[in-house]
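Data block below; observations after.
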Amino acid sequence: MNSGTQANSEKAPHTGESEGASGFAGAVDWSVAAKTGIKLARKGPATSRYTAQAAVEELAAASIRAEGPVRDTTGLADGLPVPDAQVVDRAGWITAAASSMQHLTGDDDEPPSGLLAGKPAGLQAGAMLAFLSGAILGQYDPFTGEHGTLLLVAPNVIAVERALRVSPSDFRLWVCLHEVTHRVQFSSAPWLGGYMRENVGVLSDGADEPLTDLADRLTGALKARRHPGGVSKSEDAGIVGLLRATQPQPQRDAIDRLLVLGTLLEGHADHVMDAVGPAVVPTVAHIRSAFDQRRRRKVGPLQRVVRALLGMDAKMAQYVRGKAFVDHVVGAVGMERFNTVWTDADTLPLLSEIEAPDAWIARVLG
């Protein structure tokens, strides 16, 4: 795609807060999803009451302690309030995640109606949440609460720090540096929540297209994959690539915008973790090394399939590609000029610019 067409096809929709529900509204009964997820979720690691309570208290304190260094490093969110984090167990995360998805998809505006409305999809979503509840260390939810909600999943943090054999206090602060960076991003650019919701709304607009059109695109994508060199870009590979291939152009553009945003947010958070870490986390080098090895660790066939279906492998790639983009831009122009990226939808990187950061610098910063 040449740069002219790309700029037009990737241009974002209106970025104000979405009015009304998206086409996904009513498709999922999120109360069923939450109940199903809680029932299916595995128990966390065995801990004494004292150990669990100490972890909760230390994570809550670390989330406040991390805010200052993150703000100093990013130059963002100066003077904005510092809300308390919510330290939860796996059931608490499932409940919060279901609520967040309900807001994101517009189901709070248009709840499911009828005897079975949204319940089959709710069961499926609940199974997904149950699986993810054992992997999430923390999450910033921009869709709930006056200032969003920062969630830290205590049993998962304990499980990982034990598996990695790292200092619990250092690891908990290190995790908070990443999650607090997400809160700072959204606090400094409040339009991001509406931007995400509108792109999710665009994805729902193609739901009623003829099945033959969908089949034609899927067949073409599968044929391309059978030829050497048929898939050359990471966004075209794996389950995400197939998802893109089955969508008409407007929906594909929306997927690309969400992929780019996720890559930027995760890469920026990883960049900040490494920039702040040495000053406030004494064992950060050991933690980073052990954590990166964990990300690359091989998993069993079944787990690999589930991870692919849920897009977890794509998310791992987001950290790497996004951090490389942020590292390069900050190294070239400094953090203050990099922060232009948070101005509006037009200053976000295009999909092609994630792996060509100098192109973003030339387009946005001149």
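The values are calculated or read from the model by the stated rules, or taken from the named source; none is laboratory data. On a predicted model such as this, the values are computed, not experimentally measured, just so you know. With ideal geometry, Cβ positions are generated from the backbone for all residues, glycine too; neighbour counts draw on all protein chains shown.
Quick grid of which residues meet (1) touching a helix residue (DSSP H, G or I) at 6+ places or on another chain (Cβ under 6 Å); (2) of a type in the set (S, T, N, Q); (3) over 28 Å from residue 272 (Cα atoms); (4) at pLDDT 95 or above:
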residue: 81; (1), (2), (3), (4): no, no, no, no
residue: 114; (1), (2), (3), (4): no, no, yes, no
residue: 135; (1), (2), (3), (4): no, no, no, no
residue: 142; (1), (2), (3), (4): yes, no, no, no
residue: 167; (1), (2), (3), (4): no, yes, no, yes
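Does any residue of the range 256-270 turn out to be over 30 Å from residue 66 (Cα atoms), of a type in the set (A, V, I, L, M) and either at pLDDT 90 or above or out of contact with any His (no Cβ under 9 Å at 6 or more places or on another chain) (or both)? No: the range 256-270 contains no residue that is over 30 Å from residue 66 (Cα atoms), of a type in the set (A, V, I, L, M) and either at pLDDT 90 or above or out of contact with any His (no Cβ under 9 Å at 6 or more places or on another chain) (or both).
On the given criteria, is residue 326 under 28 Å from residue 166 (Cα atoms), in contact with a helix residue (DSSP H, G or I) (Cβ under 9 Å, 6 or more places away or on another chain), of a type in the set (A, V, I, L, M, F, W, C) and at pLDDT 95 or above? For residue 326, the condition - under 28 Å from residue 166 (Cα atoms), in contact with a helix residue (DSSP H, G or I) (Cβ under 9 Å, 6 or more places away or on another chain), of a type in the set (A, V, I, L, M, F, W, C) and at pLDDT 95 or above - is met.
Per the conditions (1) more than 15 Å from the chain's Cα centre (by Cα); (2) closer than 28 Å to residue 259 by Cβ, the sole criterion not satisfied by residue 141 is (1). Cβ-Cβ distances below 7 Å connect the following pairs, each with a first residue in the range 87-106 that is farther than 20 Å from residue 46 by Cα, a second residue that is in a helix (DSSP H, G or I) and of a type in the set (D, E, K, R), and a separation of six or more residues or different chains: 104/197.
Apart from one condition, residue 360 fits all of (1) modelled with pLDDT under 95; (2) aromatic (Phe, Trp, Tyr); (3) closer than 27 Å to residue 191 by Cα; the exception is (1). What are the residue pairs meeting all of these: first residue in the range 52-73, first residue within 22 Å of residue 334 (Cα to Cα), second residue among the polar types (S, T, N, Q), Cβ atoms under 8 Å, and 6 or more apart or on different chains? Note: pairs meeting the criteria are 70/181.
Among the residues of the range 144-186, the one identified as over 15 Å from the mean Cα position of the chain (by Cα), surrounded by fewer than 21 Cβ atoms within 10 Å (Cβ to Cβ) and part of a strand (DSSP E or B) is 146. Looking at 48, 31, just one residue is farther than 17 Å from residue 159 by Cβ and either modelled with pLDDT under 95 or not aliphatic (A, V, I, L, M) (or both), and that residue is 31.
May I ask you to verify whether residue 307 is among the basic types (Lys, Arg), modelled with pLDDT of 90 or more, surrounded by 14 or more Cβ atoms within 10 Å (Cβ to Cβ) and outside any loop (DSSP other than H, G, I, E, B)? No, not satisfied.
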